[in-house]
Amino acid sequence: MARPARVIVAVLAGVVGAYVGFWIANLTGWSGNARWPLDPRGGAGTLLLVIALVAAAALATGAALGLIPTVTYRKVATEGIQTTAAIVEVWRTGAITHDMGEVLSEYGLVLEVRPPAGSPYRTRTKTMVTTGAEGSYLPGIKVMVRYHPTTPRKVFVVGPIQQTSDND
């Protein structure tokens, strides 16, 4: 799910949380004269409960929507079918992270995946690359990948294939 769609779902979850919080407060008697949606005159208890449920619903939904791609990504990385792919297009996404003293930059890739059985296909993915290995991710370079058995467009880049010289 794209980032804007996840934000919209989290906002909608917050609205549902506000509605549920309002009616829970009404049922408990904290606010007998409040009117939905913008007039919680019945007391601070209603407003606090509504705010708490909005935050909880939005955070829980955002966390769940953020974890789903992570779980799928890890499953592909560990259980996916291994094959080769050629880099067709590469670009920097602008995301940077630090891991154990190394700077990692995120790159977007268009890959032509060559599965063991079946015809080659193109897909898009992202991968984190250390500063020293950026030259190994250029158009035309072959990389080792793993792809999801039932959704082959989901691809994890294992790394570039080491080129050996003919003189070895």
Exercise. From the residues in segment 125-134 that are in contact (Cβ under 8 Å) with a residue 24 or more places away in the chain and not acidic (Asp, Glu), which one is nearest to Ala85 (Cα to Cα)?
Worked result: Thr125
Exercise. Pairs under 6 Å by beta carbon, first residue β-branched (Val, Ile, Thr) in segment 92-107, partner surrounded by 12 or more Cβ atoms within 10 Å (Cβ to Cβ), six or more apart or different chains?
Worked result: Thr93/Glu106; Thr93/Gly108; Ile96/Ser105; Thr97/Leu104
Seminar exercise, completed: Scanning segment 1-36 for residues that are of a type in the set (Gly, Ala, Ser), within 25 Å of Thr125 (Cβ to Cβ) and modelled with pLDDT of 70 or more gives Ala5, Ala10
Exercise. So which residues in segment 141-164 are over 20 Å from Glu89 (Cβ atoms), hydroxyl-bearing (Ser, Thr, Tyr) and touching a helix residue (DSSP H, G or I) at 6+ places or on another chain (Cβ under 9 Å)?
Worked result: Thr151
For this session: Collect the residues in segment 135-156 that are touching a residue at least 12 places away in the same chain (Cβ under 8 Å) and part of a loop (DSSP other than H, G, I, E, B), keeping them in residue-number order.
Result: Tyr137, Leu138, Pro139, Gly140, Ile141, His148, Pro149, Pro152, Arg153, Lys154
Exercise. Say we look at segment 116-140 and pick out the residues that are over 18 Å from the mean Cα position of the chain (by Cα) and surrounded by 16 or more Cβ atoms within 10 Å (Cβ to Cβ); which of these is nearest to Val90 (Cα to Cα)?
Worked result: Tyr137
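The values are calculated or read from the model by the stated rules, or taken from the named source; none is laboratory data. On a predicted model such as this, the values are computed, not experimentally measured, just so you know. A quick note on method: Cβ atoms are made from the backbone with ideal geometry, for glycine too, and the neighbour counts reach across all protein chains shown.
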